Each structure stands twice: as structure tokens, then as C-alpha cells.
Amino acid sequence: MRYRLVGTYLALLALVLLGLEVPLAAYVAASRTQQMVIDRNDDASRFASLADPALRTGETVTLADELRRYDDLYGIAAAVADRDGHLVTEAGDPRAFDTDEVRRAVVRALAGERVGAGRTVWPWQSGPLVIAVPVTTAGEVVGAVVTLSPTEALRTTVKDRWAELAGGGVLAGLAFVLVAVALTRWILRPVAQLDSAAHQISAGALDARVVPGLGPPELRRLARSFNTSILDGLLALAQAERGQHRTEAVDAGKTVDDRVAGWQPLAEQRGITLRREGHDSAIVYAVPTAVGQALDALIDNALKFAGTGATVTVRVVPDGDTVALHVVDDGPGLGDTERMRATERFWRAPGTQNVDGSGLGLPIAAVLVEVSGGRLDLLAAAPRGLDARLTFPAAG
């Protein structure tokens, strides 16, 4: 599971980095290209101002000298074409101007368009940056200036910036891997503890426990619930079933008072009326903690499932040789089949799977009452709801 989680984190990181770095890399290439385009447009416009009188008079010596000095200084070939598209002077390799790209640029410039703006030079391209501007006289296009700028330095700069971006992405990925591994270990440690405890329980070690306080809050709550609701419940159930039991006299009436008082805050929080009725005192025989644990299980269930606005009544009723403790609610209750299955281990009523609990409360209560010489009965309450009745042998 750890590797799957880390792999998922890395896949998400890769998508984020691609989403960030690909547009950024494209922006770097475009911005560097546009910087060169602006510079070359300025140069071409200056040559266009010189070409205007040269094309009108036919005197191109001065213009040719300017183009040659420009080529010698910057290594950028330049040429001037007349209105028919024929080159009247050029500086640089003449073959460089004999390409379809240059001819198309001249045609567009003669149509009054500035050529080169909006283009992006990518590192894998090898051709020059072609810039062409029209030469105008009194608003009429009389020729065109075209420059061919080498792009090796530009492409190298773009590749260097891309390498920096890639390096930053790799460093971010490595840092993220370290964080992801630590985060995954933090998240999965309580899961491993739960798995270990489950294996120990299956091997018969019912006193196994999950170390509390590990991992995120949700898993810490799960560990606490696993320890208290499931493991402690299983241990209590096993001890009740296998142990040697000694019964003692217990005042069931006082135990009811204590339990009703203890559950009262939760009942008020859930909008449920919890009340106590019946005899104040009733002495019964029961194994230690049986009366209290059984009452806790029944009151807990009533408060969980009766619903807001319900009434839960805990009643003490002596009846000859026995004492009955009733926990009655006027909630939705259980059907006949559900009442028969409610004391099965881990059984949950349909529609209550998302309610907190282990499904061991009633089975433990039933076993504790039985080993005390009594019984647990789940009856239908009138007119609706559930009447959970605990019957214990009366003392004296």
C-alpha cells in the first residue's frame, strides 16, 4: 500500500509540474524570440528609411555599405527588394535569400505587412529568424527590407532556461518524494498496527491492542474505537464465556441511578428525554460489573437509534424471585426477525451500518446476564419502539 500511495503522489506531482512547466517553457521561448523580433524590426525599419531614397534615385552604394557593416558587426544578413520583389542589394550569403520562406516574407512585406512578429523560435529549429518590413513613400509601398538573423545563440539561451526549469522540477520531485514517504509512513503506521492487532487476535491473543495517538485524527479515532469497542468487547465476551464466575449481591436500583445520570448529558445533546422509573432499590445476584455493563449497552443503543425527540425510560420492576430492568424507547424499534438476531456478534440492523459501534454490545450484555443466572429479552414496546428487558435473580 505504501508504494501505491507514493506512486499516486508522484503521478499527481508529475501532472502538476507538467501543467506548470510546459506553459512556462513555452513562455520563455516566446518571450526571448519576441525580444529578438523587436530588435530586428527596429533595425529593419532603419534600413527601410535609408532604402526609400535609394530606390527612388537608384543610388544604392550608401545603402549597400550600411548593410555590409551591419552584417560584419552582427553577422545578420540583410537585403533590399524593389516593388517587383527583385533584390537590388544584399549583404551576406546570397544563397540565404534564395528560399521559399524569404520569398514569401518579401511578398507579404510588399503587401504592406510586417513579417516576423508572433513567431516563436524553438530549440529544435535550425533556420534563421526572417524579418521583413515594407519600404514606403508617401504611403505607397515601393520595396521591402528583409533580415536573416542566426538563432543559435537564442536557441542555446532557451535550452539553458529549459534546463533550469527541468532541474527545478527534479529538485521539487525529490523533495516531494521525501515528504511523500514520510507522510505515507505517518498515515500507514496505525493501519499496520491495526493489521498486526487483527493477526494477534486471530491467533488467540485477545489482549492485543493498537498503539494510540499515531497517524491522522481519523485513524487515531479508528484506533481508539478498535481498542475500546472491538478489542475490549471481544476480551470481555471471551472472559464472560470462559471464565469462572462469582456472583455477588448488587443494588440494581442504585446502578440504574448511576447509569441514567451518566448518560443524561448525551441524551440532552441528542434531544432525547432519558428518565428513570420504578423501585428505588432492588438487590440482585450478578457477576461483578454485569448490571452496569448490560445497562450501558442497552441505554447506548436506545440513544443511538431512538431518534431526536424520543423518550427513553429505564424502569426497575421487582417480580418475586427476579428483578426486571427495562430500557424502553419509543423509537422505530426492531422487527421480529431483527430482535432475534440482535444478540448475534457483529450483527447490525439494516440502515445502521454507518452508526458508530462494534456490534458486540448486546452479545456481551446477553452473556453477562446469562452467567449471572438471568436473561436478556428484546420485546416490542407499545405502541412503538423497543423494550429491552434484563432479568436478574433477586437477592433475599
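Read-outs throughout are calculated quantities, based only on the coordinates presented, and are distinct from any laboratory measurement. These numbers were taken from a predicted model, which means no experiment stands behind them. Neighbour counts run over all protein chains shown; Cβ positions are idealised from the backbone, glycine included.
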With the alpha-carbon atoms as the only input, what is the per residue convex hull volume for the range 2-150 in Å³? 126 Å³
I need the semi-axes of the equivalent ellipsoid of the range 256-335: take the C-alpha gyration tensor, multiply each eigenvalue by 5, square-root it, list largest first in whole angstrom. 22, 13, 12
Length gained if ARG270 through LEU178 is fully extended, taking 0.36 nm per residue and subtracting the Cα-Cα distance, is 28.6 nm
Can you give the Rg to Rh ratio for the range 246-393, taking only C-alpha atoms and Rh from Kirkwood? 0.94
Please give the peptides 144-154, 31-41, 52-62 ranked by average Cβ packing (other Cβ atoms within 10 Å per residue), highest first, as a rough proxy for protection. 144-154, 31-41, 52-62
Between ARG375 and GLU277, the two model label points (7 Å from Cα along the beta-carbon direction) sit apart by a distance in nm of 2.3 nm
Contour excess over end-to-end distance, with Cα ends at THR8 and GLN35 and 0.36 nm allotted per residue: 5.7 nm
As an exercise, use a Förster radius of 25 Å and the Cβ-Cβ distance of VAL141 and ASP42 to find the FRET efficiency, rounded to the nearest 0.05. 0.80
